[in-house]
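Undergrad: Pasting a structure here, questions to come.
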Amino acid sequence: MSTHREHTRPGFVLEVDRSTPPILFHAGEGFHLEKLPVGSRVVYPNEALPALEDPDAAVRHALLNPVGDSEPLPALLRPGMRLTIAFDDLSLPLPPMARPDNRQRVIEAVLEMAAAAGVDDVVLIAALGLHRRMTEAELRHAVGDRVYDAFAPHGLLTQHDAEDPDNLVVVGHTAEGELVEMNKRAATSDLLVYVNINLVSMDGGHKSLGTGLTTYRSLRHHHNVHTLQHSRSVMDQTKSALHSSNWRMGRLIRSSGIKVFQIETTLNTDTFPAAFRFLQRREWEWTARDRASYLAVKKSLDRTPRSISRPIFQAIRAPHKMTGVTAGEVEAVHAITTEAVYRQQMVAVDGQADVLTMGLPYICPYNVNSVMNPILVMCLGLGYFFNLYRGQPLVRPGGVVIMSHPTPWEFHPVHHPSYIDFFEQVLSETTDPKEIEKKFEEDFATDPWYIHLYRTSYAYHGVHPFYMWYWGAHALQHLAPGGVIIMGGDPKAVRRLGFKPASTLRDALEMAEDIVGRDPRITHLHAPPLMIADVTGP
């Protein structure tokens, strides 16, 4: 498939010297420039790969030329069959992509082939897992107005409900005793088509079904402290206990006779629209226009209350473009997808640092159109950015992480009700993931009020804040005790998380030196755009 552009540049590791300009740090709905010590390293992401020239044609080609042992999609369709199309929810991609979304392109193509084959019984399911339900606007953005208007009014565009006993079915247990319980409509269809957007290498494959269409009783087998402490990292499927569990579940689903046709798409890293393009560039290559844009935006944001700047940022639609689409048997599809993600995001890095710095942006998978509360700050920094590696972490065992984020003591009361109680009741008693899991998880997961809100409102499941905390368990185990510092955060909220607050980068580095010694090796992860550090050597 031909592409728009011919040239791109690989990622880059810059060693800071006296001529290096200040480096940009994200900080929620804002950012700032920081002068890093001479000798520090800055890891920059690859530039965006060229987009597919005709993504709709690429989708049709993929459906007609599947990989693995799958037949072409039209050969799997027939009159009288039950067809279910499941798709990733609003947690992907980040930021939400400008229309048309990849899901819309793929679903429309699948529906055209289904109509041509005379298939009448078609249901769409948003694969929420334990995430909050999507609003009409969010669904329209994902699947497009034409699909929404054709299916939603007739109750044929649904959202997975992991607490609906009438629409769940037990598929069985893996050899390791993991229960697989999933959406009944999906499991009892003649064909289940799954439509995925792969933002990072953690996404997709058997994880799509093993997480998106299952229940707490299934998810608890891989969303737990032990599994996430033994996923090194979640971005490397060959060393991820999380993926091993999902793969066992996926193979059980396949062996049970459920027919799955997987369609995975990949994106380039065009993350920010024109007004924020300086966020995508290396500071020492900023043009006069980039510098002027930065100063204008920074000045404006400094004067704007967060209550106003937040919806402005949440309205950002990324100019992501599709770089690939593959369809067919799950594992064969995902092998190709993973290589495509690595080709876009992998950056070679030699050796670990004593101190890893990172600026955390305004968005993570669980605060789309919502609030980045302190628990999500922890999850974004220690659960996601820390795990953006293959081989070994960017920071050595016993090292320090410095994160930049305002970390407000603020929660979205509709989206995150159990987070509020987790923050107030659980973290005030302990921040130890194993103790939290043992003492509190079951009560939150089975609380009738949280279940009611998850099913009828727009709330994340009661157990969800626990998963966010477990997501950072590997980093907490890897770093030095007291080795997490948040720069610019609300001190009270930061201390509740069990971390240390610092007002400035200089203060944070001095605090880090108290742990790792003087003149530490410092590495700054310059994300987003997203990348995966392929770390080798000591």
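Undergrad: Which condition does Val106 not pass, out of (1) open to solvent by less than 50 Å² (accessible area, probe 1.4 Å); (2) within 30 Å of Val349 (Cβ to Cβ), if it passes all the others?
TA: Answer for Val106: the failing condition is (2).
Undergrad: Another one. Can you work out which of the residues in the stretch 134-149 that are open to solvent by 70 Å² or more (accessible area, probe 1.4 Å) and touching a residue at least 12 places away in the same chain (Cβ under 8 Å) is farthest from His461 (Cα to Cα)?
TA: Arg146
Undergrad: Something else about it: Taking the stretch 453-470 on its own, how many of its residues are among the aliphatic types (A, V, I, L, M) and either in contact with a strand residue (DSSP E or B) (Cβ under 9 Å, 6 or more places away or on another chain) or open to solvent by 10 Å² or more (accessible area, probe 1.4 Å) (or both)? Give the derivation first.
TA: First, the residues of the stretch 453-470 that are among the aliphatic types (A, V, I, L, M): 453, 459, 463, 468.
Now narrow it down to the ones that are either in contact with a strand residue (DSSP E or B) (Cβ under 9 Å, 6 or more places away or on another chain) or open to solvent by 10 Å² or more (accessible area, probe 1.4 Å) (or both): 453.
The total comes to 1.
Undergrad: Further question: Please go through the stretch 47-101 and pick out each residue that is aliphatic (A, V, I, L, M), in a loop (DSSP other than H, G, I, E, B) and closer than 29 Å to Pro319 by Cα.
TA: If we filter the stretch 47-101 for residues that are aliphatic (A, V, I, L, M), which is where we start, we get 48-49, 51-52, 57-59, 62-64, 67, 73, 75-77, 81, 83, 85-86, 90, 92, 94, 97-98.
Checking the rest, the ones that are also in a loop (DSSP other than H, G, I, E, B) come to 48-49, 51, 77, 81, 90, 92, 94, 98.
Matches in the stretch 47-101: Ala48, Leu49, Ala51, Leu90, Leu92, Leu94, Ala98.
Undergrad: To continue, here is another question. Starting from residues that are closer than 30 Å to Val516 by Cβ and under 18 Å from the mean Cα position of the chain (by Cα), keep the ones in the stretch 337-352 and report whichever is surrounded by the most Cβ atoms within 10 Å (Cβ to Cβ).
TA: Within the stretch 337-352, the subset closer than 30 Å to Val516 by Cβ is 345-352.
Remaining after also requiring under 18 Å from the mean Cα position of the chain (by Cα): 345-346.
On the way: Gln345: 27, Met346: 20.
Here the residue is Gln345.
Undergrad: Another question, then. Being closer than 18 Å to Val225 by Cβ and buried (at least 24 other Cβ atoms within 10 Å of the Cβ) narrows it down to one residue among Phe386, Phe444, Phe440; which is it? Walk me through how you get there before you give the answer.
TA: Values: Phe444 fails: buried (at least 24 other Cβ atoms within 10 Å of the Cβ); Phe440 fails: buried (at least 24 other Cβ atoms within 10 Å of the Cβ).
That would be Phe386, the only listed residue that is closer than 18 Å to Val225 by Cβ and buried (at least 24 other Cβ atoms within 10 Å of the Cβ).
Undergrad: Among the residues of the stretch 67-96, count how many are in contact with an Asp or Glu (Cβ under 9 Å, 6 or more places away or on another chain), within 29 Å of Pro529 (Cβ to Cβ) and buried (at least 21 other Cβ atoms within 10 Å of the Cβ).
TA: Residues in the stretch 67-96 being in contact with an Asp or Glu (Cβ under 9 Å, 6 or more places away or on another chain), within 29 Å of Pro529 (Cβ to Cβ) and buried (at least 21 other Cβ atoms within 10 Å of the Cβ): 6 in total.
Undergrad: Same structure again: Could you figure out which of (1) outside any helix (DSSP H, G or I); (2) within 26 Å of His452 (Cβ to Cβ); (3) not basic (Lys, Arg) isn't true of Tyr194?
TA: (2)
Undergrad: If I filter the stretch 248-284 down to residues being acidic (Asp, Glu) and outside any helix (DSSP H, G or I), which single residue comes out as surrounded by the most Cβ atoms within 10 Å (Cβ to Cβ)?
TA: Restricting attention to the stretch 248-284, the residues satisfying the condition of being acidic (Asp, Glu) are 264, 270, 283.
Filter once more, keeping what is outside any helix (DSSP H, G or I): 264, 270.
Working: Glu264: 30, Asp270: 19.
That would be Glu264.
Undergrad: When you go through (1) among the hydroxyl-bearing types (Ser, Thr, Tyr); (2) surrounded by fewer than 24 Cβ atoms within 10 Å (Cβ to Cβ); (3) over 30 Å from Arg78 (Cα atoms) one by one for Thr211, which number turns out not to apply?
TA: (3)
Undergrad: In this structure, does Ile485 turn out to be open to solvent by less than 50 Å² (accessible area, probe 1.4 Å), farther than 22 Å from Asn369 by Cβ and touching a Lys or Arg at 6+ places or on another chain (Cβ under 6 Å)? Even if it seems obvious, please write down each step before you answer.
TA: Details: open to solvent by less than 50 Å² (accessible area, probe 1.4 Å): yes; farther than 22 Å from Asn369 by Cβ: yes; touching a Lys or Arg at 6+ places or on another chain (Cβ under 6 Å): yes.
Judged against the criteria, Ile485 is a match.
Undergrad: How many residues does the stretch 188-198 hold that are surrounded by fewer than 23 Cβ atoms within 10 Å (Cβ to Cβ) and either closer than 24 Å to Ala335 by Cα or of a type in the set (Phe, Trp, Tyr) (or both)?
TA: Selection size over the stretch 188-198: 1.
Undergrad: So, in the stretch 367-396, of the ones that are polar (S, T, N, Q) and closer than 21 Å to Val414 by Cα, which residue ends up nearest to the chain's Cα centre (by Cα)? Break it down stepwise before answering.
TA: Of all residues in the stretch 367-396, those polar (S, T, N, Q) come to 367, 369-370, 373, 387, 392.
Those left that are additionally closer than 21 Å to Val414 by Cα: 367, 369-370, 373.
Details: Asn367: 11, Asn369: 15, Ser370: 15, Asn373: 16 Å.
Looking at the filtered set, the residue picked out is Asn367.
Undergrad: Can we say Ala533 is within 28 Å of the chain's Cα centre (by Cα) and more than 24 Å from Ile23 (Cα to Cα)?
TA: No; evaluated as a whole, the condition is false for this residue.
Undergrad: Restricting to the stretch 12-53, what's the tally of residues that are more than 23 Å from Phe272 (Cβ to Cβ) and either small (Gly, Ala, Ser) or under 26 Å from the mean Cα position of the chain (by Cα) (or both)? So that I can check it myself, show each step before the final result.
TA: Pass one, the stretch 12-53, residues more than 23 Å from Phe272 (Cβ to Cβ): 15-19, 35, 37-41.
Those left that are additionally either small (Gly, Ala, Ser) or under 26 Å from the mean Cα position of the chain (by Cα) (or both): 19, 39-41.
Adding up the residues that qualify gives 4.
Undergrad: I'd like the full set of residues that are among the small types (Gly, Ala, Ser) and either in contact with a Phe, Trp or Tyr (Cβ under 7 Å, 6 or more places away or on another chain) or not in a helix (DSSP H, G or I) (or both), limited to the stretch 453-499. Let's see the steps before the verdict.
TA: Our first condition is that a residue be among the small types (Gly, Ala, Ser); within the stretch 453-499, this holds for 457, 459, 462, 472-473, 475, 480, 482-483, 488-489, 493, 498.
Across the stretch 453-499, the qualifying residues are Ser457, Ala459, Gly462, Gly472, Ala475, Ala480, Gly482, Gly483, Gly488, Gly489, Ala493, Gly498.
Undergrad: Turning to a different aspect of this structure: Is one or more of the residues making up the stretch 496-516 open to solvent by 10 Å² or more (accessible area, probe 1.4 Å), of a type in the set (Val, Ile, Thr), touching a residue at least 40 places away in the same chain (Cβ under 8 Å) and out of contact with any Cys (no Cβ under 9 Å at 6 or more places or on another chain)?
TA: yes
Undergrad: Please go through the stretch 295-336 and give me each residue that is assigned to a helix (DSSP H, G or I), open to solvent by less than 70 Å² (accessible area, probe 1.4 Å) and in contact (Cβ under 8 Å) with a residue 24 or more places away in the chain, ordered by number.
TA: Filtering the stretch 295-336 down to residues assigned to a helix (DSSP H, G or I) leaves 295-302, 306-314, 330-336.
Next cut, open to solvent by less than 70 Å² (accessible area, probe 1.4 Å) only: 296-298, 300-301, 309-310, 313-314, 330-335.
Passing the criteria: Lys298, Leu301, Ser309, Arg310, Phe313, Gln314, Val330, Glu331, Ala332, Val333, His334.
Undergrad: I want to confirm something. Restricting to the stretch 254-285 and keeping residues that are of a type in the set (A, V, I, L, M) and farther than 30 Å from Glu29 by Cα, which single residue is nearest to the chain's Cα centre (by Cα)?
TA: If we filter the stretch 254-285 for residues that are of a type in the set (A, V, I, L, M), which is where we start, we get 258, 260, 263, 267, 274-275, 279.
When the remaining residues are screened for being farther than 30 Å from Glu29 by Cα, the result is 258, 260, 263.
Working: Ile258: 27, Val260: 23, Ile263: 18 Å.
Out of the qualifying residues, it is Ile263.
Undergrad: Separate question: Could you please let me know if Ala115 is farther than 30 Å from Leu394 by Cα and open to solvent by 50 Å² or more (accessible area, probe 1.4 Å)?
TA: Values: farther than 30 Å from Leu394 by Cα: yes; open to solvent by 50 Å² or more (accessible area, probe 1.4 Å): yes.
Criteria met by Ala115.
The values are calculated or read from the model by the stated rules, or taken from the named source; none is laboratory data. What you see is a predicted model; the values in this text were computed from it and never measured. Here the Cβ is made from the backbone with ideal geometry for all residues, glycine too, and neighbour counts use every protein chain on show. We work out accessible area using only protein heavy atoms, side chains counted, and drop any ligands, DNA or RNA first. Shrake-Rupley method; radii C 1.70, N 1.55, O 1.52, S 1.80 Å.
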